[in-house]
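Each value in this text was obtained by applying a stated rule to the coordinates, not by laboratory testing. Please read all numbers here as calculations on a predicted model, not as lab measurements. With ideal geometry, Cβ positions are generated from the backbone for all residues, glycine too; neighbour counts draw on all protein chains shown.
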Amino acid sequence: MMHIAFLTSEYPHRHVKHAAGIGTSTKNLVSALVEKGVTVSVFVYGQKEDAVFQDNTVKIYLIKSQKYKAFGWILNRKYIGNILNKYIFSEGIDLVEAPDWSGITAFMNLKVPVVIRFHGSDTYFCHLERRKQKIKNFWFEKLAVNKAKAFIAPTHFAGEFSKILFGIKNKMIEMIHHGLDLDQFDNAKPSDYQKGLILYIGTIIRKKGVLELPSIFNNVRKEYPDAQLILIGSDSDDIQTKSQSTWELLQRQFQSDDLKNVSYLGKIPYQEVQQHIKNANVCVFPTFAETLGMVTIEAMALQKPVVNSNIGWAQELIVDGESGYLVHPKDHKMFADKIVNLLTDDDLCLTIGNKARTRVETIFDIKKIATQNIDFYKSVI
């Protein structure tokens with residue numbers, strides 16, 4: 001059986017500095033691949049120390065950040081590449097999968113095929129957000145794309161858009177969704193939730209559409225005054241206003257009366273997030289830039305009605321009006337109307353939540369998705 005290595009800057013483990021959507025989707029896949037007999041190693045760069053340890057049946061390699069007086073952006077990538085090549089030889093690794101973000105494999109000459117998964121490059125997000133990209137960032141990502149043998153996209157939209165942006169020709173781009181271990185997403189009592197509670201989970205950042213929430217929430221409370229809004233996720237600076245805290249920026253945009261019904265919990269342990277989803281009446285994701293959106297399918301798996309962005313990739317997640325609602329984030333009134341429909345109709349919430357779960361079982365079951373990945377890896381090797 002194959003030995004696959006994943007190169008990543010994040011992974012959910014207590015010894016790893018950071019984990020978010022890429023880390024979650026990677027770990028879901030890693031666990032499912034191991035269950036199917038694949039040997040997996042995970043290399044996590046940008047860490048505080050070098051370390052090698054076993055996490056159940058997966059070997060994890062932490063790669064310490066290196067400091068250089070000049071040309072660190074090239075030398076660090078070469079350093080990571082040398083470490084990978086060392087273990088490619090000693091451990092019999094057959095293929096390396098890496099993310100597109102930052103073009104981490106740009107200056108690596110690895111001894112096995114490289115597959116890049118389109119988690120969302122800087123190039124991709126800059127074009128979706130219509131903001132200027134640094135030439136250096138595009139150069140790194142373009143070099144990495146040129147060196148890769150093949151690609152995996154979590155949605156057709158992400159694959160086709162990335163293909164155009166990077167001018168990819170004559171290379172395989174396979175569409176394979178991210179997946180969930182559905183045994184870990186069970187809501188035994190979908191009718192038990194806090195009436196009127198709206199939940200947002202994700203980074204507090206402009207591209208996730210959080211700055212649309214004050215107007216959306218104001219429209220909701222005009223029809224449903226008791227509505228509550230909870231936000232969960234890491235704060236970030238704002239690229240447009242240069243504010244060091246998007247949450248501070250966000251607070252100033254809420255009406256003072258609405259703000260009394262808003263709670264920001266910050267970043268919380270991943271294992272606690274599920275309970276907040278189960279407790280929510282409605283989950284909302286008004287994002288402008290995504291490749292798939294793990295937390296959307298997590299909410300759907302827990303039988304929550306979701307009001308989601310309708311841009312590109314989202315149309316592959318939800319059947320509008322059946323397994324959730326799709327609305328453009330800028331259409332505040334329509335977004336609010338869909339939320340109010342759900343807050344005022346318990347039966348509708350349960351019906352949509354049930355169909356959301358069915359859709360996740362059909363399309364995003366990690367057991368099925370692991371098999372798709374294995375078949376694709378074999379075709380590349």
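Compute the length gained on full extension between Ser90 and Phe53: take 0.36 nm times their separation in residues and subtract their Cα-Cα distance, giving the result in nm to one decimal.
Working: separation 37, 0.36 × 37 = 13.32 nm, distance 1.61 nm.
So the extension gain works out to 11.7 nm.
Whole angstrom only: what separates the Cα centroid of segment 79-124 from the Cα centroid of segment 171-223?
Their Cα centres are 31 Å away from one another.
Length gain on complete extension for the stretch Lys132 to Glu160, per 0.36 nm per residue less the alpha carbon to alpha carbon distance?
Details: separation 28, 0.36 × 28 = 10.08 nm, distance 2.07 nm.
Answer, rounded to one decimal: 8.0 nm.
In what order do Tyr193, Tyr224, Tyr68, Tyr264 fall by count of nearby beta-carbon atoms within 10 Å, going from fewest to most? Walk me through the intermediate numbers first.
Details: Tyr193 22, Tyr224 18, Tyr68 11, Tyr264 15.
Going from least to most buried by this count: Tyr68, Tyr264, Tyr224, Tyr193.
Which of the lysines could a cross-linker span from Lys338 if the Cα-Cα distance has to be under 18 Å and same-chain partners fewer than 8 positions apart are dropped?
Result set, ordered by chain and number: Lys195, Lys222, Lys304, Lys330, Lys355.
Calculate how steeply helix 366-380 sits against the longest principal axis of the alpha-carbon atoms of the chain, using the helix alpha-carbon long axis, and give the answer as 0 to 90 degrees to the nearest 10.
That helix lies at roughly 30 degrees to the long axis.
Exposure proxy check: Trp139, Trp247, Trp313 ranked by fewest other beta carbons within 10 Å? Let's see the in-between values first.
Numbers: Trp139 12, Trp247 18, Trp313 24.
Least to most surrounded, the residues fall as Trp139, Trp247, Trp313.
May I ask for the angle, rounded to the nearest 10°, between helix 332-343 and the longest principal axis of the chain, with both axes built from Cα atoms and the value confined to 0 to 90°?
70 degrees
In nm, give the distance between the simple-model label positions of Leu143 and Leu259, each being 7 Å from the Cα along the Cα-to-Cβ direction.
Result for the modelled spin labels: 4.6 nm.
Calculate the spin-label point distance for Phe71 paired with Leu182, positioning each point 7 Å from the Cα along the beta-carbon direction, and give it in nanometres.
Using points 7 Å along Cα→Cβ, the separation is 5.2 nm.
Which order do Thr39, Thr296 fall in if you start with the one that has the fewest other Cβ atoms within 10 Å?
Numbers: Thr39 18, Thr296 27.
Final ranking by Cβ density, sparse to dense: Thr39, Thr296.
Quick check: the angle from helix 346-363's long axis to the longest principal axis of the chain, C-alpha only, nearest 10 degrees?
10 degrees
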